[in-house]
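Visitor: Dropping a structure here in structure tokens format, bear with me for questions.
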Amino acid sequence: MTKKNLVVIGNGMVGHKFLQCLIDKGATDDWNVITFCEEPRVAYDRVNLSGFFSGKTAGDLSLVEPGLYHENKIQIHIGDKVDRIDRKTKTITSTNGLTIPYDKAVIATGSYPFVPPIKGKDLEGTFVYRTIEDLEGMSAYAKQSKIGVVVGGGLLGLECANALKNMGLETHVVEFAPRLMPVQVDEVGGDVLKEQIESLGVKVHVNKSTIAIVNEDGQIEGGKVHTMRFADGTELHTDMIVFSAGIRPRDELAKDCGLAVGERGGIIINPACQTSDPDIQAIGECALYENRIYGLVAPGYTMATVAADHLCEPESNQFQGADMSTKLKLLGVDVASFGDAFARTDGSREIAIKDTVKGTYKKLVVNASGSQLLGGILVGDASAYGNLVQLVQNAIVLPPHPEDLLMPPREGGSSFSMGVESLPESAQICSCNNVTKGQICTAIQEQNLLDIGAVKKCTTAGTGCGGCVPLVTDLLKAELKAAGIEVKKDICEHFAYSRQELYSLIRTHQIKTFDELLDRHGKGKGCEICKPAVGSILASAWNDYVLTPSHAGLQDTNDAFLANIQKDGTYSVIPRIPGGEITPAMLIVIGEVARDFALYTKITGAQRIDLLGARVDQLPLIWKRLVDAGFESGHAYGKALRTVKSCVGSTWCRFGVQDSTSLAIAVELRYRGLRAPHKLKSAVSGCTRECAEAQGKDFGIIATEKGWNLYVCGNGGIRPQHAQLIAEDLDQETLIRYIDRFLMFYIRTANRLERTATWLNKLEGGLDYLKQVIIEDSLGICAELEAEMAYHVGTYACEWKTTIEDPEKLQRFNHFVNVDEPDPSLMRVEERGQTRPPYEHERQVVAR
Amino acid sequence: MIQITSLPIVPETPVTSTQWQTVCALTRIIPNTGVCALVNDEQVAIFRIGNEVFAIENYDPFSKAYVLSRGIVGDRQGIPKVASPIYKQTFNLITGDCFEDETVKVKVFPVQVVDGQVQVGISG
Ligand SMILES: Cc1cc2nc3c(=O)[nH]c(=O)nc-3n(C[C@H](O)[C@H](O)[C@H](O)COP(=O)(O)OP(=O)(O)OC[C@H]3O[C@@H](n4cnc5c(N)ncnc54)[C@H](O)[C@@H]3O)c2cc1C
Ligand code: HEM
Ligand code: SF4
Ligand code: SF4
Ligand code: FES
């Protein structure tokens, strides 16, 4: 029996999914599968395309396991496009001249970005956002640009704006409609989203219709993009433009061979994904079902499954339309839209809460009786998305006050929370990959899955947009709990303990070295996770010199060489400048050292001076000069106290009520070198004007007329959080006592790499509990905590001083163990009178 | 006392005429750390785990910097490995394979300890 030919046109996300379904069903034994792939590479993850800008390579994004097609005898023609389908002879013809007969054909050609017919749209510097090649073009061009405009404020447009912003461009979004994301959110939601996005520095222009794009000379042809002109007479200068004004199905093949297409494009399909020719199916973004194009990957995947099922057993599964619920993080702002978001169902009602303080908007759409959730919109905080979608999909009866669903649990009252346990087995948990609760639970039980990574791998749930991961995690926890398995908190494969447990083992058994701990409580040889964690605990607990031989191998290179490693393997040197106060004489020493070693010099965000580009072999020489002049290590390399920032306070400032600089210096000297689960930052302000930004620190102090206010657990960084007031009007002695207790309690109980803010967020009982422990001594441990801190303060020694005094230690500070030469690969280029490492594109030039 | 064992690591392709270059005394390498040696104009990262030694190239393909010798050593299911100090990818010290990205691999060098001296093999 000769096998029949199956030609699949397009190897995008959906085309690949279809092939994967065939493979899973073993159908590749019955069919000769031939696929055409116009792009120069096999299917990749377009949904996460923007990851390309954060360093993902084409290889990382690929969806196809190497060898998969070959092993399953699927012929793939990469870089070849199908030009024509001839339905009479049942053949297809490709650009490279192949003519191949088919018994069945599947069209999965996706869509192309729509570029509005604006004059000047073809000038140099205009782009679209769809393929890896598009992104490569954009990123090359962005290097010579300062301003970028995205035309279109939809889902993709905002994602694209994020990319431009991350490339350092001044970013604008121009939207024709009166609001952002007109398809997903309503007017109020659009406003809140606009505000949020503008607060992130992206300029949003709505109600703007572009009439022309011109070059420097005002012409629409030749040269580069320079100015956009709008219908309302306004103009906007820009260096590059990305069009993201919607997609259009690629239906040209279908049209040319006479298949039925929709009025506004799209290949018409029936519930079996068949086109008007039963031997040809269409799936993904090129297909039109019930007059609708589905511009998301999940419906495309469903079509692929249906089409594959249908090919093997006609009369099976049917496509029944798909849910267009989406949840995204756009420029760091959550946006979700699900079900009947616009209350189009007869008699439906809306419940909405807009919080202009938090910048959130939440709307629910319920049926006439208020007993069922039909859909909704969330902007600014979409944490409830997973739960709400489940309520819609499973038609779960709502509590008497549906508005409670939008509220955090109220004090005293219990909020309506819907645990994963109450969901039916058929509930779809992962909509990207269509995985149900039942499938996830079965996989966990039958294959004894213990962590989320394994669940993802086995079930594919959570591997698309990632939106369902919290729900999947809850399911895993529930399953493990039901099976009586304790949820793993192990820090790594070498220790079956959490960081807190290790901390108490080390303290209670007086363990002094990593090897001892490994011998008694661990297995294997350790790794880059447990070693620095244990190194840090040992340092917090015993304050030993971090480079004693028994500790040396535990340290991240930063701690091992007492400096911050930079991208080319050189280090930065940051001497401690307590409170940011420095004498001119000391400042000159820094200047001289920097000059003599040709170090790039920069003022840091924490009131000190960073000297960058020091080679390993130079570090001791540099530090010798600094230590001789009276400087100490700034511990900028360690998970340790960094700086205590200060303002000039009452000494100089006409508003100051206390001497903030002196206190900052005292605090910094007290806690210098204190190792902790993560870095620690502090600041002292001389009055409520708060010039030192103390409320953004792990512990911050603000002067009052009567003393000092203490704030704890704030931080800047990725997720800024304000510190919270824990005690007021303290005298200096009490203040220091509270800080001693606070820091030691944190060091005892936090997880590895958990900053104080996250630690507090997870601490049961929150700030009130912390107050009880630290101020009221509810656990009766305050005396111990203070003693531990006293031990630290009493045994502090500058690591750099210790190091340069010990010739044996200094041996490590050589690039080569066998020759006395620096790393020959290091290069420098000049910029603004200093030197810096070359960028990749400069490297060849420098190397010549 | 350090007990000296001689443990040549079998390289990927059999080396026919290996010449050995002495780089330093084993005692120069603090247990569970690494050093870098210049051998035949190549930067070689040499690690000591207990009294076993391993050698791979010092070049970190992810950061493009010569830094692997300064990574933390350890094991994964018993396989010795080192983590790059820059972006933390880990490499199998026996085969040079990167654990996080199977398409990436660093070179491995033959290495042995003779009379307390660490020697790196140069293929002839
Ligand atoms: C930046 C970006 C972000 C996105 N984010 C999300 C998201 O968060 N969530 C979500 O659900 N969706 C998202 N999408 C949409 C999602 O990527 C698409 O829905 C999905 O890729 C559609 O798959 P497809 O196979 O139909 O089309 P495609 O992936 O476009 O594949 C079609 C392929 O066919 C090729 N082709 C076309 N014509 C021919 C021919 N004649 N011969 C041979 N080959 C041909 C094309 O070159 C292409 O490679 C995003 C899209 C982009 C661009
Ligand atoms: C390898 C990664 C990093 C390096 C090399 C680095 C380096 C530095 C340096 C050298 C300083 C000046 C500090 C000083 O004077 O002591 C600094 C300040 C700062 N860093 Fe980082 N940092 C890193 C990661 C981070 C991360 C992940 C965050 C956020 C979570 C962060 C947030 C900050 C902030 C907010 C400041 C300013 C502090 C202030 O004003 O008090 N850094 N960083
Ligand atoms: S915080 Fe107050 S005292 Fe300090 S500089 Fe600002 S205004 Fe002056
Ligand atoms: S110094 Fe901090 S903010 Fe700047 S690039 Fe490095 S990690 Fe990012
Ligand atoms: S819902 Fe997108 S990955 Fe599961």
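Visitor: Take every residue in peptide A:817-826, count the Cβ atoms of other chains within 10 Å of its Cβ, and give the average of those counts. Before the final figure, lay out the partial values.
Guide: Numbers: counts 14, 14, 4, 0, 1, 0, 7, 4, 7, 2.
The per-residue average across the peptide is 5.
Visitor: Still on this model: Could you pull out the pairs from A:K165/B:K64; A:K56/A:K165; A:K194/A:K354; A:K363/A:K477; A:K512/A:K679; A:K809/B:K64 whose alpha carbons sit more than 20 Å apart here?
Guide: Values: A:K165/B:K64 26 Å; A:K56/A:K165 17 Å; A:K194/A:K354 14 Å; A:K363/A:K477 30 Å; A:K512/A:K679 23 Å; A:K809/B:K64 28 Å.
Long pairs (Cα-Cα over 20 Å): A:K165/B:K64; A:K363/A:K477; A:K512/A:K679; A:K809/B:K64.
Visitor: Now a separate question. Run the quick spin-label model on A:E195 and A:H401: label points 7 Å from Cα toward the beta carbon, then report their separation in nm to one decimal.
Guide: Taking the two extended label points, one gets 2.5 nm.
Visitor: Would you work out if the range A:192-341 is rounded, prolate or oblate? Take a ≥ b ≥ c from the square roots of the eigenvalues of the alpha-carbon gyration tensor; rounded if a/c is under 1.5, else prolate when a/b is larger than b/c, oblate otherwise.
Guide: It comes out oblate by the Cα gyration axes.
Visitor: Okay, moving on. Simple spin-label model, 7 Å along Cα-to-Cβ: A:N270 to A:I588 in nm?
Guide: Going from the A:N270 label point to the A:I588 one covers 9.3 nm.
Visitor: Once you order the gyration tensor axes a ≥ b ≥ c over the Cα atoms, which shape class does chain A get: rounded for a/c under 1.5, otherwise prolate or oblate by comparing a/b with b/c?
Guide: prolate
Visitor: Any lysines with Cα under 18 Å of the A:K119 Cα? List them, leaving off those in the same chain fewer than 8 positions away.
Guide: A:K208, A:K224
Visitor: If we sort A:830-841, B:75-86 on the protection proxy, mean other Cβ atoms within 10 Å, highest first, what's the order?
Guide: So the order, starting with the most tightly packed, is B:75-86, A:830-841.
Visitor: List the accessible area buried at the contact between B and A, summed over both sides and calculated with a 1.4 Å probe, in Å² to the nearest 100.
Guide: That pair of chains buries around 2900 Å² in total.
Visitor: Cα centroids of the range A:722-737 and the range A:94-128: how far apart, whole angstrom?
Guide: Going from one Cα centre to the other spans 65 Å.
Visitor: Can you tell me how much longer the chain between A:I452 and A:D30 gets when fully stretched, taken as 0.36 nm per residue apart minus their C-alpha distance, in nm with one decimal?
Guide: Value of the extension gain: 148.3 nm.
Visitor: Using r as the Cβ-Cβ distance of A:E842 and A:N48, and R0 as 25 Å, what FRET efficiency do you calculate, to the nearest 0.05?
Guide: Once rounded, the FRET efficiency stands at 0.25.
Visitor: Also, I was wondering about something else. Hey, got a sec? Which trypsin sites (Lys or Arg not before Pro) in the range A:202-301 land in a DSSP loop and have at most 13 other Cβ atoms within 10 Å?
Guide: The qualifying sites are A:R264.
Visitor: Roughly how many nanometres apart are two label points built 7 Å out from the Cα toward the Cβ at B:T27 and A:I220?
Guide: For the pair B:T27/A:I220, the computed spacing is 8.4 nm.
Visitor: With just the Cα atoms defining each centre, how far is the range A:746-801 from the range A:174-190? Give it in Å.
Guide: 47 Å
Visitor: Partner chain Cβ atoms within 10 Å, averaged over the residues of B:37-46 - can you pull that number for me?
Guide: 3
Visitor: Given a Förster distance of 41 angstrom, what is the FRET efficiency for A:D60 paired with A:E235, based on the Cβ-Cβ distance and rounded to 0.05?
Guide: Plugging the Cβ-Cβ distance into 1/(1 + (r/R0)^6) gives 0.55.
Visitor: Quick check: from the Cα gyration tensor, does the range A:503-562 come out rounded (a/c under 1.5), prolate or oblate?
Guide: Oblate, because a/c is 1.5 or more while a/b does not exceed b/c.
Visitor: On to the next question. Give me the percent of accessible area attributable to carbon and sulfur for the protein assembly as shown, probe 1.4 angstrom.
Guide: After summing per-atom areas, the C and S share lands at 50 percent.
Visitor: Could you work out how much longer the chain between A:A787 and A:A629 gets when fully extended? Use 0.36 nm per residue separation minus the Cα distance between them, nm to one decimal.
Guide: Going from the current span to full extension adds 53.6 nm.
Visitor: Given the DSSP H assignment, sum -39500 (n - 2.57) over each helix run of at least 4 residues in chain A and divide by its residue total; what's the result at 222 nm in deg cm²/dmol, nearest 500?
Guide: After summing the helix terms and dividing by residue count, I get -9000 deg cm²/dmol.
Visitor: Which pairs in the list A:K17/A:K104; A:K3/A:K456; A:K639/B:K88 are over 24 Å apart, alpha-carbon to alpha-carbon?
Guide: A:K3/A:K456
Visitor: Do any residues of the range A:513-537 lose at least 30 Å² of accessible area when the full set of protein chains is present rather than just their chain alone, and if so which, with a 1.4 Å probe?
Guide: Checking the loss per residue gives A:K525, A:E528, A:K531.
Visitor: Can you give the accessible area of A:V183 in Å² (nearest 10), computed on protein heavy atoms with a 1.4 Å probe?
Guide: In the full protein context, A:V183 sits at about 110 Å².
Visitor: Determine the distance separating the Cα centre of the range A:272-287 from the Cα centre of the range A:17-93; give it in Å without decimals.
Guide: 17 Å
Visitor: Report the full-extension gain for the segment A:K143 to A:R654: residue separation times 0.36 nm, less the Cα-Cα distance, to one decimal in nm.
Guide: Working: separation 511, 0.36 × 511 = 183.96 nm, distance 4.58 nm.
Length gained between A:K143 and A:R654: 179.4 nm.
Visitor: Take the Cβ-Cβ distance between A:T508 and A:L810 as r, set R0 to 41 Å, and report the resulting FRET efficiency rounded to the nearest 0.05.
Guide: Step by step, r from the Cβ atoms, then E = 0.65.
Visitor: Something else: Rounded to the nearest 5, what % of DSSP beta bridges with both residues in chain A are antiparallel?
Guide: 60 percent
Visitor: Counting only other chains, and only Cβ atoms inside 10 Å, what mean value do you get across the residues of A:550-562?
Guide: The per-residue average across the peptide is 4.
Visitor: Next up: Which residues in the range A:26-52 have a backbone N closer than 13 Å to a point placed 7 Å from the Cα of A:K4 along the Cα-to-Cβ line?
Guide: Output list for this probe position: A:30-33.
The values are calculated or read from the model by the stated rules, or taken from the named source; none is laboratory data. Computed from a prediction, not measured in an experiment: that's the story for all the values here. Here Cβ is always computed from backbone atoms with ideal geometry, including for glycine, and neighbour counts include all displayed protein chains. Surface accessibility is based on the protein's heavy atoms, side chains included, excluding ligands, DNA and RNA. Shrake-Rupley method; radii C 1.70, N 1.55, O 1.52, S 1.80 Å.
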